[in-house]
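Visitor: So that we are looking at the same thing, I have put the structure below in C-alpha cells.
Any read-out appearing in this document is the output of simple, stated calculations on the displayed coordinates, not a laboratory observation. Keep in mind that this is a model prediction, so the values were computed, not measured. Ideal geometry is used to build each Cβ from the backbone, glycine not excepted, and the neighbour counts take in all protein chains shown.
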Amino acid sequence: MSAYLIPAIFLVLIIVAGYLFLSHSIEKRRIQRQRLITAMRARRNSFRDLATGFPAGFLSNDLVGLLYRALIDSCEQLTQLEPNDHTHAEQLTLYTNLLSSLKENTQQARVRLDNPQQIKEAHGLLQELYKFVMQQSALKQINQVQTDAYTDQINRMLLQMTVDGHVFNARQAQQVGKVKLAIHFYQLGRKALAAENASHTFDKQIAQLDSVVAKLQEKLDEASNAKATTPDEGQATAANSSPADNKEWKQFDEENAKWKKKQIYD
C-alpha cells in the first residue's frame with residue numbers, strides 16, 4: 001500500500017499546487033485588468049473635463065483634436081475591457097464624430113482663465129495631457145514634429161496660467177491696498193516668464209511687468225517720503241495707481257494673445 005500511497009500524496013500535492021498557482025494567476029490578471037479599467041476611466045474623465053469643462057476658445061483646435069483622439073483611444077480600450085458596458089461604444093461614436101466636425105470649425109478667439117480654481121484645475125489636466133503626448137510619442141503614434149508642436153502649446157498654456165494666477169493675486173492685493181504684496185506677485189509672474197525666455201520670446205511682456213512694478217514702487221516711495229502711513233492713504237495709493245497699471249496690463253494681455261502657434265502636420 002505504501003508503494004501506492006506516496007505517489008498518490010505527491011500527485012495530490014502537485015494538483016493542489018497547480019490549482020493554487022492557477023488561482024493566483026487568475027486573481028493577478030483580474031486585479032491588473034481592474035487597475036487598467038480604473039486608469040482608463042480616470043484618463044477618459046480627465047480629458048473629457050478638459051475638453052468640455054472650460055470656456056470655448058480656451059484650447060486651440062489642435063489641442064481639442066488631441067483631446068478627442070485621447071478620448072477615442074480610452075473608449076476603444078474600455079470597449080475591449082468592458083464589452084458589456086455599451087456606454088463606451090456610444091462615447092466612442094460621439095468623440096469620433098466630434099473629431100470629424102472639428103476640422104470644419106474655425107479657431108475661436110483665445111480665452112484666458114481668470115478664476116483661481118479653474119486655473120488650478122486646468123493646470124493639472126494639462127499636465128495629464130502632456131503625459132499622454134509623451135506616451136503617444138514613445139509608442140510612435142505621433143511623429144516628432146507633432147510631439148514638439150503639442151508640447152510647445154501645452155507648455156505655453158501652463159506658463160500663461162501660472163502668470164495669470166500671479167497677476168490675479170496681484171490685482172486682488174491692489175484692491176485691498178496691499179501694494180507691496182501686489183509687487184511681490186507681479187515679480188513672481190515676471191520670474192516665471194524670465195525662466196522660459198531663453199529665446200527672448202517674452203521680452204516685451206517682461207518689460208511691461210517691469211513697468212507695472214516700477215509704477216507701484218514709485219507710489220510706495222512717494223507715500224514713504226510723505227510719511228503716509230494710514231490704511232486710507234495706502235488704499236488711495238493703490239487706487240491712484242490702478243488706471244496706469246491697468247493700461248500696462250492691457251498691453252500685456254494683448255501681447256500674450258499674439259503668441260505664435262505651431263501648425264500640426266499629420
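Visitor: So what are the ³J(HN,Hα) numbers for the range 213-219, from phi and the Karplus equation (6.51, -1.76, 1.60; θ = phi - 60°), rounded to whole Hz, Gly and Pro as x?
Guide: Once rounded to whole Hz, the list reads 5, 4, 5, 5, 5, 5, 5.
Visitor: Using +1 at the Cβ of each Lys and Arg and -1 at the Cβ of each Asp and Glu in the range 67-187, identify which of A122, Q187, L81 lies farthest towards the dipole's positive end.
Guide: Q187
Visitor: What size of dipole, in debye to the nearest 20, comes out for the range 87-226 about its Cα centre when the only charges are +1 on Lys and Arg C-beta atoms and -1 on Asp and Glu C-beta atoms? Mind dumping the intermediate values first?
Guide: Values: 15 positive and 14 negative charges, 36 e Å.
It works out to roughly 180 debye.
Visitor: Within the range 52-115, which GluC sites (Glu not before Pro) sit in a loop by DSSP and count at most 15 neighbouring Cβ atoms inside 10 Å?
Guide: Numbers: sites: E76, E90, E104; in loops: E104.
Those that pass, being in a loop and sparsely packed, are E104.
Visitor: Let me ask something additional. Suppose we look only past 25 Å in the calculated P(r) of the range 71-209. What percent of the Cα-Cα pairs does that tail hold? Present the calculation step by step, with values, prior to reporting the outcome.
Guide: Values: 4461 of 9591 pairs.
In whole percent, the long-distance tail amounts to 47.
Visitor: Rounded to whole Hz and in sequence order, give me ³J(HN,Hα) for the range 35-46 from the Karplus expression 6.51 cos²θ - 1.76 cosθ + 1.60, θ = phi - 60°, writing x for Gly and Pro.
Guide: 5, 5, 4, 4, 5, 5, 5, 5, 5, 4, 5, 5
Visitor: Kirkwood-based Rg over Rh for the range 1-148 (C-alpha set), two decimals? Please list the in-between numbers first.
Guide: Working: Rg = 23.9 Å, Rh = 18.7 Å.
The Rg/Rh ratio comes out at 1.28.
Visitor: Using θ = phi - 60° and the Karplus relation 6.51 cos²θ - 1.76 cosθ + 1.60, list the HN-Hα couplings for the range 161-175 in order, rounded to whole Hz, with x at every Gly or Pro.
Guide: Using θ = phi - 60°, the values come out as 5, 4, 5, 4, x, 5, 5, 4, 5, 5, 5, 4, 5, 4, 5 Hz.
Visitor: Relative contact order for the range 1-117 using alpha-carbon pairs under 8 Å, separation at least 6, rounded to a whole percent?
Guide: Details: 67 pairs, mean separation 31.7, N = 117.
The value is 27 percent.
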